[in-house]
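Okay, so here's the structure we're looking at.
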Amino acid sequence: MNNSQSTPDWLQQLEEQSRISQQAFMDNISTRLRRPRMTEAPAHPYRGAPEFWSGFQWSEQQRIDKFTTHFQEVGGHVVRLQTMGEAAEFIADHAMQMGARYLVRQQQPELAALRLEERLPDVQISSWNSDPDEAWTARAAEADIGVVIADGAAAYTGTVMVTSAAQQGRSVSLLPTVCIVILPVDRLYTRLGELLIPMDEIGRENLPAGMHFISGPSRSSDIENDLTIGVHGPGIIYTLLVG
Amino acid sequence: MKVSLFITCLSDAIYPRVGEAMVRLLAAHGVQLDFPPVQTCCGQPSYNSGYWEETRTAAKTILKAFESSDFVVSPSGSCTYMVHHYPELFKDDPHWLQLAHELEAKTYEFTQFLVQVLGITDVGAHFPYKVTYHPSCHGSRLLGVREEPMTLLSQVRGLELVPLPFAEDCCGFGGTFAVKMSDISGAMVSEKVDHIKETEAQVLVGLDMACLMNIAGNLRHRGEQVRVMHLAELLYEGVGVT
Amino acid sequence: MNPAQSTQGTVKERADVALNNDFLRNAVKFTTERLRSGKQAAATEHGNWEEWRERGRQIRLHTIAHLDYYLNTFVENARKNGVHVHFAPDTAAATDIVMTIARHKQAESVVKSKSMVSEELHINRALELAGIETIESDLGEYIIQLAGEGPSHIVIPAIHKNRYQIAELLSEDAGEELPPDTTILAGYVRRKLREKFLGADIGMTGCNFAIAETGSMVLFENEGNARMVTTLPKTQITLMGMERIIPSWEDLEVMATLLPRSATGQRLTMYMSGITGPKRTADGDGPEEMHIIIVDNGRSEQLGDPEFQELLNCIRCGACLNVCPVYRHIGGHSYGGTYSGPIGAVLTPALNRNVAEWDDIANASSLCGACYEACPVKIPLHDMLVYLRRRKVERGHGNRWESLGMKGFAVLMANSKRLALALKMGRIAQKPVVHDKGITIKMGPLKGWNTYRVAPSMADHSFREHWQELSEETRRTAPPMDAQTRDRMEQILRQRRASGITGGQHE
């Protein structure tokens, strides 16, 4: 392969090769399965969880309790708050306590409304991707705190879901030392399936590039099965359950 | 009603006392066992080693031996489960396939027969010892015999059943495995005996003489005094039937 | 790194080395026991585990039975998402595609998250040969990379190493003495790899599941390194076994229920990421270019093979390793391939087209069935091990002495009179070596057995020799069968006849 070839040309060439290989690859599969190539969707009678599971629901209070228990059991923190104002206060207090110098947050109106800049005049606060010339991953990597809003959550597994977009960096929930997730209570569901099934319904075209389901702090048990927290991702994670 | 005893090689040649206990215990409940003398081996050694043609030869003698039986009862979960492989061995031979399906449906492991067929959970035994139970892999995992021995043991007067740590772990027998991979097998049986010793039981009971022979061999090698018995022997001794 | 090193000798020889390494045995035993009790607890807490297993099996069976449709659907959707998809029938093709991309990108460094496929392809070696720095970022993988070894467990690659050995490896890497303290060691790796993540040209991942209907790929992990690898470098390469497909996100709920619980006993791994194409134009992070390489490398050989097709259902949870008594004693490296434990014993010969590895891997099992019982998608590995042994015999690769022995076995078992005679002869032959109903000599086939045990002697009379007497005795003493028992038995017979005897288990 010639390095001087332009990337679009090169990719075009790879694409042509890929389409040729694809034909042979798929034909090999159907030949081995001893039938012609299957081009229509087959009936899938066992799609998704067993039937008894889809009716399983907890009440709001149970969802809150179970989410809290499950998230805490694996080393995450959960704080129950009534308003976004309380969330702002919590973040400000926490940033001051830990002596945070940099904070990065998603560029979302709900987070702007927290007015963290006013509450934390000594902390350098960045709003993700607000300046096209900034090296945003480097900003997130040096941040002490990353603040995000969850798109959804599942109580059964103690999981929050965050998604990527122009104003929502993947790095914000990943690179800072501490990750703070704001979870409005009305986004807290019972089962993981309630977050996953909508992905099928939304359809391919509308899916974000990155969907991240986070169930606690980064951890590893690779050395003598001894639990270590904060290996690559944030070692400290808070979910602020608001509403 | 013809209830036939499928004795299995080990109980025939090395542990006839197990077969004798079964015969006498069942006789006490009105079941006169029949013993077709033409029976040989279930074929498991050759089946597991990949010699299926040789296995078919052994399987045919078993299928013929029990062709006219209404029930077949055996002191081994493993040999009983082997019969479940017969349809696979004769899938291209309608005559033997039919016999294979019939034998599969009518063959019971000893405790299955007692509990499921005869409906007996209490044989009236008294056995005042500390006992631990090793569930053999094929009987418990593959044949699904889990509750029956527990039910029978729980009814024995004076018996203290001590749970065996990691009871479900294989003892390391595995037929030819114990010979071909003798060091791995040796490590496995040593671990099993370590767990048996932890229970401080006086008696180890089980449902398969192959596993029990393996464990008893290691116990004796290490000079341990634990007595090893098939459950049929324990129950028979416990009722003191003569 | 010399992956060939591990495949020298036979499984038996490698196992002997492992059996004499007390540390290794204790380390493997300790961790697998924790993992399997964790799994047990998680399955019990979740409840209805058998129903979930059955559902998982059905989804995998269905997908593999229609793999051409689902894989092709995935490919078309991934392309629409902007992914560059490639097909690799074998190791050489996969390596070639990776190297083509790396060269075009003029890559100097590749940072990887855990991928068993990349281990299978020995992709690190190819990259290193081309002078491209290749860094494993999973903590366990980083450790074994420094040690120049392959993984000894599908989920816990450095299960065989203790903290002292790890401290030594990491100290050498750091150029300073690091204490054998897990937190300090992990902290060092975090700092070291942070720089590598931020500076790498290419991020390389495996793929736990690929979702056909949306062309998305899904990764399960605990450390966050896979998120780093799919977020920071400008180019992402994903290596994916062709069978990793599931139809939909809805099906992912079942896999997400089974995989973490079976692997580590977790309700869910700390991170589960769904990646649908490269970053969107306006996004501030994520890869600008994304390649997915779909790897066959022997997998398609299992399609249409009724005995081995289910092997493709495997979701690589490692539960079969954690319950396997053989694995516990000999560790992963004894298996001599990338995949170890019961799944490795079947998968390695299968991926090698069932012929290249005619050594004794399939014999390293007592066929206890613990693997099948633990498998979240119910792959009958214990049966497959027997099929492998049978194929070896059928294709003339059996052991000559064993073949002769089995022929003799068949002759004996064809006729009970021959068997009875042989038993008599055996009883005579054993006389010189029997002491107190036991045999302790370590000779011939008894050598291995008697190293750990005392063999029992044959009984003074066999059961069949005593039968006549016994039968007469019970005929005299036994009471008649009571009516209730007779009714029960007749009822069972009637039911059996009514069902037409199609086999199957009782009840």
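Take C:Thr214 and tell me if it is closer than 17 Å to C:Ile202 by Cα and either in a loop (DSSP other than H, G, I, E, B) or among the hydroxyl-bearing types (Ser, Thr, Tyr) (or both). Criteria not met by C:Thr214. Per the listing A:Leu114, A:Leu103, the residue uniquely buried (at least 18 other Cβ atoms within 10 Å of the Cβ), in contact with a strand residue (DSSP E or B) (Cβ under 9 Å, 6 or more places away or on another chain) and closer than 21 Å to A:Gly235 by Cα is A:Leu103. Take the residues of segment C:413-468 that are polar (S, T, N, Q) and in a loop (DSSP other than H, G, I, E, B): which is nearest to the other protein chains (Cβ to nearest Cβ)? Of everything passing the filter in segment C:413-468, C:Ser462 is nearest to the other protein chains (Cβ to nearest Cβ). When C:Asn225 is tested against (1) within 9 Å of another protein chain (Cβ to nearest Cβ); (2) closer than 30 Å to C:Glu51 by Cβ, exactly one condition is not met: (2). Filtering segment C:384-398 for residues that are part of a loop (DSSP other than H, G, I, E, B) and touching an Asp or Glu at 6+ places or on another chain (Cβ under 6 Å) leaves an empty set. Take A:Arg35 and tell me if it is without any contact (Cβ under 8 Å) to a residue 12 or more places away in the chain, closer than 24 Å to C:Glu213 by Cβ, more than 7 Å from chain C (Cβ to nearest Cβ) and not aromatic (Phe, Trp, Tyr). Answer is yes for this residue.
Restricting attention to segment B:174-190, the residues being part of a helix (DSSP H, G or I) and surrounded by fewer than 21 Cβ atoms within 10 Å (Cβ to Cβ) number 4. Among the candidates B:Leu207, B:Leu212, B:Leu159, the residue that is touching a Pro at 6+ places or on another chain (Cβ under 8 Å), aliphatic (A, V, I, L, M), buried (at least 21 other Cβ atoms within 10 Å of the Cβ) and more than 9 Å from every other protein chain (Cβ to nearest Cβ) is uniquely B:Leu207. Scan segment B:107-135 for residues that are polar (S, T, N, Q) and touching a strand residue (DSSP E or B) at 6+ places or on another chain (Cβ under 6 Å) and report the count. Going through segment B:107-135 one residue at a time, the tally reaches 2. Of the numbered criteria (1) crowded, with 24+ Cβ neighbours inside 10 Å; (2) within 30 Å of A:Pro198 (Cα to Cα); (3) in contact (Cβ under 8 Å) with a residue 12 or more places away in the chain, the one C:Gly284 fails is (3). Taking A:Ile182, is it surrounded by fewer than 24 Cβ atoms within 10 Å (Cβ to Cβ) and touching a residue at least 40 places away in the same chain (Cβ under 8 Å)? Criteria not met by A:Ile182. Against the test of being touching a residue at least 60 places away in the same chain (Cβ under 8 Å) and outside the structural domain of B:Ser78 (by TED's automatic domain parsing), the options B:Leu164, B:Leu152 yield a single qualifying residue, B:Leu152. Filtering segment B:215-242 to residues that are in contact with a Pro (Cβ under 9 Å, 6 or more places away or on another chain), of a type in the set (A, V, I, L, M, F, W, C) and over 18 Å from B:Thr151 (Cα atoms) leaves only B:Ala216.
One residue alone among C:Ser273, C:Ser248 is surrounded by fewer than 24 Cβ atoms within 10 Å (Cβ to Cβ) and within 7 Å of chain A (Cβ to nearest Cβ), and that residue is C:Ser248. Across segment C:41-57, the qualifying residues are those that are surrounded by 14 or more Cβ atoms within 10 Å (Cβ to Cβ) and free of Cβ contacts under 8 Å to residues at least 24 places away in the same chain, and the one among them that is nearest to C:Ala374 (Cα to Cα) is C:Trp49.
So is C:Tyr164 in contact with a strand residue (DSSP E or B) (Cβ under 6 Å, 6 or more places away or on another chain), assigned to a helix (DSSP H, G or I) and free of Cβ contacts under 8 Å to residues at least 60 places away in the same chain or not? For C:Tyr164, the condition - in contact with a strand residue (DSSP E or B) (Cβ under 6 Å, 6 or more places away or on another chain), assigned to a helix (DSSP H, G or I) and free of Cβ contacts under 8 Å to residues at least 60 places away in the same chain - is not met. Can you run down the residue pairs with Cβ atoms below 6 Å, 6 or more apart or on separate chains, where the first is in segment A:215-243 and charged (D, E, K, R) and the partner is crowded, with 24+ Cβ neighbours inside 10 Å and in a loop (DSSP other than H, G, I, E, B)? Listed pairs, sorted by first residue: A:Arg219/C:Asn222; A:Arg219/C:Met270; A:Asp222/C:Ala158. Segment C:58-154 holds no strands (runs of 3 or more DSSP E) entirely within its bounds that carry 3 or more residues that are free of Cβ contacts under 8 Å to residues at least 12 places away in the same chain and under 27 Å from the mean Cα position of the chain (by Cα). Each residue in segment B:105-142 was checked for being in a loop (DSSP other than H, G, I, E, B), within 12 Å of another protein chain (Cβ to nearest Cβ) and of a type in the set (Val, Ile, Thr), and 1 of them qualify. The single residue among C:His291, C:His329 that is buried (at least 24 other Cβ atoms within 10 Å of the Cβ) and in contact with a His (Cβ under 6 Å, 6 or more places away or on another chain) turns out to be C:His291. Is it the case that C:Tyr372 is within 24 Å of B:Ser140 (Cβ to Cβ), at pLDDT 95 or above, outside the structural domain of C:Ile211 (by TED's automatic domain parsing) and surrounded by fewer than 24 Cβ atoms within 10 Å (Cβ to Cβ)? Taking the combined requirement at face value, the residue satisfies it. When A:Thr7 is tested against (1) modelled with pLDDT of 95 or more; (2) in contact with a strand residue (DSSP E or B) (Cβ under 9 Å, 6 or more places away or on another chain), exactly one condition is not met: (1). One residue stands out in segment A:40-73 among those that are among the aliphatic types (A, V, I, L, M) and either assigned to a helix (DSSP H, G or I) or farther than 26 Å from C:Glu50 by Cα (or both): the one that is nearest to the other protein chains (Cβ to nearest Cβ), namely A:Ala41. In segment A:16-39, which residue that is part of a helix (DSSP H, G or I) and among the charged types (D, E, K, R) is farthest from C:Glu76 (Cα to Cα)? If we take residues in segment A:16-39 being part of a helix (DSSP H, G or I) and among the charged types (D, E, K, R), then A:Arg32 is farthest from C:Glu76 (Cα to Cα).
Quick check, is B:His95 without any contact (Cβ under 8 Å) to a residue 40 or more places away in the chain, in the same structural domain as B:Leu33 (by TED's automatic domain parsing) and in contact with a helix residue (DSSP H, G or I) (Cβ under 8 Å, 6 or more places away or on another chain)? No, not satisfied. Every condition in (1) out of contact with any His (no Cβ under 6 Å at 6 or more places or on another chain); (2) buried (at least 20 other Cβ atoms within 10 Å of the Cβ); (3) outside any helix (DSSP H, G or I) is met by A:Asp226 except one, and the failing one is (2).
The values are calculated or read from the model by the stated rules, or taken from the named source; none is laboratory data. Just so you know, these numbers come straight off a predicted model, no measurement behind them. Heads up, the Cβs are rebuilt from the backbone with ideal geometry, glycines too, and the neighbour counts pull from every protein chain shown.
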